[in-house]
1. List every residue pair whose Cβ atoms lie under 8 Å apart, where the two residues are 6 or more positions apart in sequence or sit on different chains, the first residue falls within segment 94-118 and is open to solvent by 50 Å² or more (accessible area, probe 1.4 Å), and the second residue, located anywhere, is part of a loop (DSSP other than H, G, I, E, B) and within 16 Å of the ligand (Cβ to nearest atom).
2. Take R116 and tell me if it is closer than 27 Å to Q52 by Cα and either within 16 Å of the ligand (Cβ to nearest atom) or in contact with a helix residue (DSSP H, G or I) (Cβ under 8 Å, 6 or more places away or on another chain) (or both).
3. Only residues that are without any contact (Cβ under 8 Å) to a residue 40 or more places away in the chain and either more than 16 Å from the chain's Cα centre (by Cα) or outside any strand (DSSP E or B) (or both): list them for segment 12-28, please.
4. In segment 158-178, what residues are in contact with a helix residue (DSSP H, G or I) (Cβ under 7 Å, 6 or more places away or on another chain), part of a loop (DSSP other than H, G, I, E, B) and either within 23 Å of L99 (Cβ to Cβ) or modelled with pLDDT under 95 (or both)?
5. From S82, S91, S18, which residue is open to solvent by less than 40 Å² (accessible area, probe 1.4 Å), within 12 Å of the ligand (Cβ to nearest atom) and under 30 Å from R130 (Cβ atoms)?
6. Check T141, T177 and return the single one that is closer than 15 Å to A217 by Cβ and in contact with a Gly (Cβ under 8 Å, 6 or more places away or on another chain).
7. Filter segment 28-42 for residues that are under 17 Å from A83 (Cα atoms) and either within 9 Å of the ligand (Cβ to nearest atom) or surrounded by 20 or more Cβ atoms within 10 Å (Cβ to Cβ) (or both) and give the result.
8. If the Cβ limit is 8 Å and pairs must be 6+ apart or interchain, which residue in segment 51-64 that is farther than 21 Å from L17 by Cα and in contact (Cβ under 8 Å) with a residue 24 or more places away in the chain pairs with which residue that is part of a strand (DSSP E or B) and β-branched (V, I, T)?
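The values are calculated or read from the model by the stated rules, or taken from the named source; none is laboratory data. Predicted model only: the values in this text are computed from it and were never measured. Virtual Cβ from ideal backbone geometry, glycine too; neighbours counted across all protein chains shown. What goes into the accessible areas is simple: the full protein's heavy atoms, side chains included, and nothing from ligands, DNA or RNA. Shrake-Rupley method; radii C 1.70, N 1.55, O 1.52, S 1.80 Å.
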Amino acid sequence: MTMTTSPASPAKLVLCLSGHDPGGGAGLQADIEAIGAQGAHAMGVITALTVQDSRNVRRVESIPPSLLAEQIELLLADSEISAIKLGLLGSADQVPVILDTIARCGVPVVLDPVLRAGGGGELAAELTARAVLEQLLPVATIATPNADEARRLAGASTPAHCAAQLLARGCEQLLITGGDEATAEVENHWFHRDGHSSVFRWPRLPRGFHGAGCTLASALAARLALGETAADALLNAQRYVHDCLSHALQTGSGRAIPGRWRR
Ligand code: PLP
């Protein structure tokens with residue numbers, strides 16, 4: 001009997017530049033799990049190692065930009081990337097490498113401008129936050145700040161005022177997430193630079209979560225990589241996150257993490 005093997009099907013690849021959370025709630029592990037669950041494949045370049053638990057972040061240790069550049073160089077020479085997801089940056093020094101990568105790939109970019117942990121710990125220095133605002137927002141297809149990050153980046157208060165400031169930087173679309181706001185339902189505010197906007201409303205679940213933002217941004221990047229329209233990707237990625245949060249895992253004494261695996 002002869003055995004035949006079918007050729008491997010080409011994978012849709014999402015290049016993730018993200019921090020590592022050793023607790024597995026946020027960062028690159030969230031990206032890998034969420035992207036895999038959508039049916040795409042994550043390639044992960046770590047921007048920073050962190051010291052944290054389910055309650056808060058204690059320390060962020062940046063990876064040298066030259067090491068990022070060397071990893072990306074080899075990956076791009078070998079593979080065709082379909083989307084890029086940007087998460088926590090280690091430092092502003094990494095931005096030139098990231099801009100070069102975006103220019104070379106020419107694919108949709110989902111920017112999750114990670115500035116502060118849900119537990120309150122600072123994740124980005126002022127210089128890094130400024131680089132995100134001035135250099136990365138202009139090249140983002142969709143940015144997904146939470147409301148707190150949007151206010152800090154924009155220096156404004158309401159979602160609409162924040163959006164006016166942030167879209168003026170050049171990003172195409174913005175989803176300001178409201179998971180940590182005091183509204184009865186979770187309200188995620190979407191804005192397009194062409195003037196369109198809408199609000200997605202989700203039932204509020206009775207606890208706080210760690211890693212929801214990373215899960216959303218990477219699911220969104222995966223769906224864009226798979227060829228969904230931005231409108232479909234936005235809705236489907238939020239549905240996926242809501243489902244993950246409905247099946248959250250308690251890994252420690254702090255906030256629960258999204259249950260991202262297939263159930
Ligand atoms: N650690 C890393 C590596 C992250 O990327 C993030 C957020 O994106 C966090 C911690 C904080 O996550 P959260 O605000 O959900 O606690």
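1. So the pair list comes out as R116/L123; R116/A124; G118/D180; G118/G208; G118/H210; G118/R255.
2. yes
3. Result: P22, single match.
4. Result: R169, G170, C171.
5. After applying the criteria, what remains is S18.
6. T177
7. Once the filter is applied, which keeps residues that are under 17 Å from A83 (Cα atoms) and either within 9 Å of the ligand (Cβ to nearest atom) or surrounded by 20 or more Cβ atoms within 10 Å (Cβ to Cβ) (or both), segment 28-42 yields L28, A30, D31, I32, E33, A34, I35, Q38, A40, A42.
8. Partner pairs satisfying both residue conditions: S54/I257.
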